[in-house]
Amino acid sequence: MPKIELPKAYDAKGVEDAIYQKWEESGFFNPDNLVDAKEPFVISMPPPNVTGILHLGHAFENSLMDAEIRYQRMKGKKAMIVPGTDHAAVATQARVEDNLRKEGIANPRQDLGREELLKRIREYADNSKSVILSQIKKMGTSCDWSRLAYTFDDKRSEAVNELFKMMYEDELIYRGYRVINWSVKGQSTCSDDELVYIDQPVKIYTFKYSKDFPIPIATTRPETKLGDTAVAVNPSDNRYKQYIGQKFVVDVGAKAPLTITIIADDGVDINYGTGAVGVTPAHSPVDFEMYQKNKEIGIIPVIGKDGKMTENAGANYQGLDVLVAREKFVAWLRENNLLIKEEDSTHNVGTSDRFGDVVEALPMDQWFIDVNKKIKNKGRSLKELMKEAVTMGHNGDANKVITITPERFHTIYLHWIDNLRDWCISRQIWWGHRIPIWYCDDCKEVFYSDTNSGHCNKCQSKNIRQDEDTLDTWFSSGAWTFSTLGWPEETPDLLTYHPTNWMQMGYEILFFWMARMILMTTYALDDIPFKDVYIHGMLRDKNGKKFSKSLGNGLDPLEIIEKYGTDALRLSLLRGTTPGNDMRFYEEKVEGARNFVNKLWNISRFIIQSSDNPRIVSVAPEAKTLADKWILNKFNSVINLSTQEMDKYNFSGAIEYLYDFTWSDFADWYLEIAKVEGNKEEILFYILQNILKLWHPFIPFVTESIWQTLGAGKLLMVEKWPVGVQSQDQSSVNDLEVVKEIIGSIRNLRSENKIEPAKKVSVVAIAGNKMKLLTEQAEIIKKLARLEKFTVLADSEKPANSVGTVAGGVQLYLELAGLIDVEAEKKRIEKEIVEAEKYIKGLEAKLGNKEFLDNAPEEIIIKEKEKLEIYIERVKKLKDQRSSLI
RNA sequence: GGACAUUUAGCUCAGUUGGUUAGAGCGUUCGAUUCACAUUCGAAAGGUCACAGGUUCAACUCCUGUAAUGUCCACCA
């Protein structure tokens with residue numbers, strides 16, 4: 001067979017696309033084609049939002065998922081990533097509306113109308129969807145494209161309707177009048193989780209409603225006081241308790257004089273502020289709760305959906321922006337000597353994460369999911385189901401426990417559930433699943449229907465209309481793990497591949513998404529959505545800043561791929577990262593990873609090009625020399641160790657073991673030794689083919705590319721993961737480590753004595769009990785340490801004109817014809833002696849300690865004794881060398 | 001206000017259930033174009049493991065406290 005010529009450097013750009021195509025065409029991304037595999041292993045891809053193109057965070061997630069799925073595929077599982085995208089309701093509509101405004105369409109909803117705006121959004125979504133899918137392919141992610149899904153496609157919409165129906169019929173979904181978060185800019189509600197809190201300077205005003213009013217109150221939002229209906233005080237507050245139950249009529253300039261009832265509430269802090277709270281039920285969630293306990297106080301909304309004061313606020317205020325109204329009201333208080341105090345402070349205000357404006361608290365009819373109500377036939381609430389799945393297991397079944405890595409998020413999750421309030425699921429936007437509820441204008445019937453039946457269920461009137469609102473995007477993504485597998489039908493996919501096995505996500509969507517998936521799945525399928533959750537951190541730039549558009553510090557994954565290759569990007573994202581912790585990312589990391597990929601390429605290139613018969617050697621060849629035994633031993637441990645790390649989802653750990661073995665043990669040592677000893681093709685090909693397998697999950701392209709060059713007809717992607725055999729002869733490892741140490745020491749001596757690398761020098765070794773070892777390995781030592789002559793003696797005088805050291809229990813003398821700086825040498829040896837003696841002293845103290853001997857395990861004591869012996873011997877030899885210097 | 005995390009070499013980070021003279025990559029210094037690779041090779045310097053206590057024969061590792069940084073949650077008028 002002719003020798004194969006390979007380029008000097010790995011050309012990622014030139015091979016990646018073709019390799020991906022080959023994988024895809026093989027059909028093995030689809031687990032149904034993995035005929036030998038039995039047990040499924042499924043990952044639902046967190047669907048990227050169709051709001052734009054993928055960023056580095058997505059690249060990171062793809063690297064994680066694909067590393068895991070390729071590992072599982074090679075382990076013989078029916079491995080599958082179900083890919084998809086998310087229509088991302090509010091986020092997408094907000095993005096498109098923004099774009100339209102930039103194009104000069106000031107009010108997209110009014111100007112274009114529902115149909116036209118939806119058309120524009122759909123175009124935008126379709127476009128970014130196709131870009132996203134091509135990017136995922138570029139990352140090398142081995143998704144089953146035959147199962148591609150979209151949260152807004154027909155099949156997923158069917159699941160959404162079915163879920164809604166179930167929950168509606170179970171009376172878990174209800175329509176209620178509540179204070180919700182309202183984005184004036186987006187003209188829509190936001191759930192509590194969609195708020196981003198920012199610190200804002202505010203003024204705190206302390207005032208009285210009227211001269212005669214007995215209790216002063218404080219507020220940061222004076223304009224809302226036009227809608228106050230009560231003052232709450234602590235029932236044990238001696239200053240105020242005599243007023244509880246009394247009503248005061250005050251005129252603050254609103255449409256009608258306000259009737260303020262003094263109510264008791266344990267939540268009021270006597271020592272904070274004035275010890276009394278002005279209650280504005282319509283514009284504060286907390287006050288609204290008080291109102292629900294004391295309905296008689298009434299509720300007066302004074303701010304409208306447009307963010308302006310309403311008629312209730314009175315003629316002086318109606319139509320004013322809240323900030324203008326605030327100033328006006330404060331001015332009025334001042335004029336009437338009602339203002340007691342003005343203080344500067346800061347306050348956290350909630351802003352809409354999508355629209356960006358400060359949200360207004362408004363009372364409105366909205367759709368909610370009741371998380372506390374006991375579910376029919378289940379006897380537990382959704383909240384309880386959400387807890388159960390991560391504690392005792394769903395239905396108490398220990399096989400249905402979701403584990404979370406790292407563990408600390410477990411507590412955070414549970415704590416979050418405790419504070420969970422009913423989930424507001426309706427949004428006043430158009431892009432999303434329309435709420436499948438219909439109203440009859442004649443008989444007032446409200447009924448569920450997933451299609452337009454054309455008539456009222458009850459009175460048959462044709463005068464019906466569908467609810468205008470759409471569903472929160474998380475309603476559909478909560479169903480993702482099972483809606484993608486065919487639910488509500490009981491498809492073979494659903495039976496085979498659900499629950500899924502592994503889910504990775506950033507901690508920032510832990511509550512949004514994980515919690516909702518658990519809610520939906522335990523409720524609708526009576527099962528868990530996935531078994532293990534892996535929480536990853538966020539990528540930051542070199543300075544620890546978040547990547548963001550506004551900072552302009554973003555890195556485009558495609559550009560990095562273009563420059564360094566996909567493998568380099570993937571490796572740089574996974575190397576040195578641990579679950580749950582943020583990581584910094586910058587180009588030098590990719591550069592390092594690219595260098596490794598190239599190293600692997602050149603290792604292969606060397607092995608392949610020096611052979612007449614490049615091939616795959618599957619059976620471990622027999623070890624002929626000490627170095628062979630050593631590398632095979634090392635190799636077995638690297639298989640075992642990296643497999644262990646993979647099983648713990650510790651990708652970084654696995655990579656470290658592989659990296660060290662590949663670059664240091666295999667390339668720097670074994671390949672160099674192979675050049676000396678020769679005739680090692682079998683072992684080289686054997687180890688090469690296996691490290692290609694071990695590396696494949698992380699750097700699939702380069703490994704597959706080399707694999708194909710080795711003349712394998714099959715794809716590396718579906719090769720079996722190597723199994724380590726327990727290594728037998730540990731002494732070979734130790735012996736070769738001695739040889740390495742000796743070579744290292746000689747190199748060190750050369751370097752310290754400034755001997756040019758090209759210059760050949762001679763070394764005498766006084767080997768003692770290492771006689772046999774050193775004689776046998778003399779050739780290796782000679783070549784790797786670049787020696788003219790390497791003489792091994794059992795015992796001898798120190799050669800003249802030489803500098804010495806002790807390594808691996810052997811005295812080494814490097815002959816230097818008359819160039820020795822005796823003083824410097826003495827100093828160097830003296831330093832080594834001092835260090836060794838210090839260490840010996842510590843060991844002796846330890847071994848002389850009765851308590852240590854009594855308490856420490858036997859093996860530790862033996863180990864310490866061995867160390868002591870070695871170091872005593874070392875000092876003896878060093879002293880010999882020192883005395884012979886004079 | 002509450003909770004959690006982080007703090008290890010100049011930088012970015014590993015460090016498995018307590019037993020290593022605490023590791024890697026980058027960077028730095030010195031040296032090398034040796035026929036797989038300069039996207040390389042050899043050598044070296046560099047750390048009171050944030051601080052203070054404690055538990056233990058033994059602490060980077062466990063406990064308590066302090067400090068700095070970061071994140072999340074809750075928000076009060």
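The values are calculated or read from the model by the stated rules, or taken from the named source; none is laboratory data. Just so it is clear, the structure is predicted and the values come from calculations on it, not from any experiment. Heads up, the Cβs are rebuilt from the backbone with ideal geometry, glycines too, and the neighbour counts pull from every protein chain shown. Keep in mind that these areas ignore ligands, DNA and RNA; they rest on the heavy atoms of the full protein, side chains included. Shrake-Rupley method; radii C 1.70, N 1.55, O 1.52, S 1.80 Å.
For the pair segment A:570-640 / segment A:374-403, the C-alpha centres are spaced 44 Å from each other.
With a cap of 15 neighbouring Cβ atoms within 10 Å, and only residues DSSP puts in a loop, list the GluC sites (Glu not before Pro) found in segment A:770-868. Within segment A:770-868, the qualifying GluC sites (Glu not before Pro) (loop, at most 15 other Cβ atoms within 10 Å) are A:GLU797.
Comparing Cα centroids, segment A:34-64 and segment A:186-207 end up 35 angstrom apart. Other residues within the sphere of radius under 12 Å centred on the Cβ of A:GLY307, judged by their own Cβ, net out at -2 (K and R +1, D and E -1). Taking Lys and Arg as +1 and Asp and Glu as -1, the other residues whose beta-carbon sits under 14 Å from that of A:TYR507 total -2. Inter-label distance, A:GLU776 to A:GLN200: 8.0 nm, where each label sits 7 Å from its Cα along the C-beta direction. For A:PRO235, neighbours were defined as the other residues whose beta-carbon sits under 14 Å from its Cβ, and their charges (Lys and Arg +1, Asp and Glu -1) total -1.
Of all DSSP bridge pairs formed entirely within chain A, close to 65 percent run antiparallel. Among the cysteines of chain A, those whose beta-carbon sits 4.7 Å or more from every other cysteine beta-carbon are A:CYS143, A:CYS190, A:CYS424.
Separation between the A:LYS241 and A:PHE213 pseudo-spin-labels, each 7 Å from Cα along Cα→Cβ, expressed in nm? Output for this residue pair reads 2.4 nm. Considering only beta bridges that DSSP places wholly inside segment A:209-284, some 65 percent are antiparallel. Computed from phi, the 3J(HN,Hα) profile of segment A:214-226 under the Karplus parametrisation 6.51, -1.76, 1.60 (θ = phi - 60°) reads x, 10, x, 10, 10, 7, 9, 10, x, 4, 6, 5, 5 Hz, with x in place of Gly and Pro. Surface composition of chain A: carbon plus sulfur atoms hold 49% of the accessible area, using a 1.4 angstrom probe and ignoring ligands, DNA and RNA. Extension gain, A:SER146-A:LYS8: 0.36 nm per intervening residue step, less the Cα-Cα distance, totals 45.9 nm.
For the cross-link pairs A:LYS754/A:LYS826; A:LYS772/A:LYS798; A:LYS841/A:LYS879; A:LYS680/A:LYS754; A:LYS634/A:LYS863; A:LYS8/A:LYS137, the ones whose C-alpha atoms lie over 24 Å apart are A:LYS680/A:LYS754; A:LYS8/A:LYS137. Restricting segment A:720-752 to trypsin sites (Lys or Arg not before Pro) that sit in a DSSP loop and have at most 16 other Cβ atoms within 10 Å of their own Cβ leaves A:LYS720. The trypsin sites (Lys or Arg not before Pro) of segment A:646-703 that meet both conditions, a loop assignment by DSSP and at most 15 other Cβ atoms within 10 Å of the site Cβ, are A:LYS648.
Mind checking the dipole of segment A:697-747: about its Cα centre, +1 per Lys or Arg Cβ, -1 per Asp or Glu Cβ, Debye to the nearest 20? Once rounded to the nearest 20, the dipole reads 200 debye.
The angle between the Cα long axis of helix A:408-418 and the longest principal axis of the Cα atoms of chain A comes to about 10 degrees, rounded to the nearest 10. Measuring between their Cα centroids, segment A:646-671 and segment A:673-742 lie 11 Å from each other. Solvent exposure of chain A, expressed per residue, is 44 Å² of accessible area, with all protein chains present and a 1.4 angstrom probe.
Ellipsoid semi-axes for chain A, based on the Cα gyration tensor and the rule √(5λ), read 69, 36, 25 Å when sorted largest first. Can you tell me the orientation of helix A:858-885 relative to chain A, as the angle in degrees between its alpha-carbon axis and the longest Cα principal axis, to the nearest 10? Orientation of helix A:858-885: about 50 degrees from the principal axis. Just to confirm the number: angle between the C-alpha axis of helix A:515-524 and the first principal axis of chain A, 0 to 90 degrees, nearest 10? Value to nearest ten degrees: 70.
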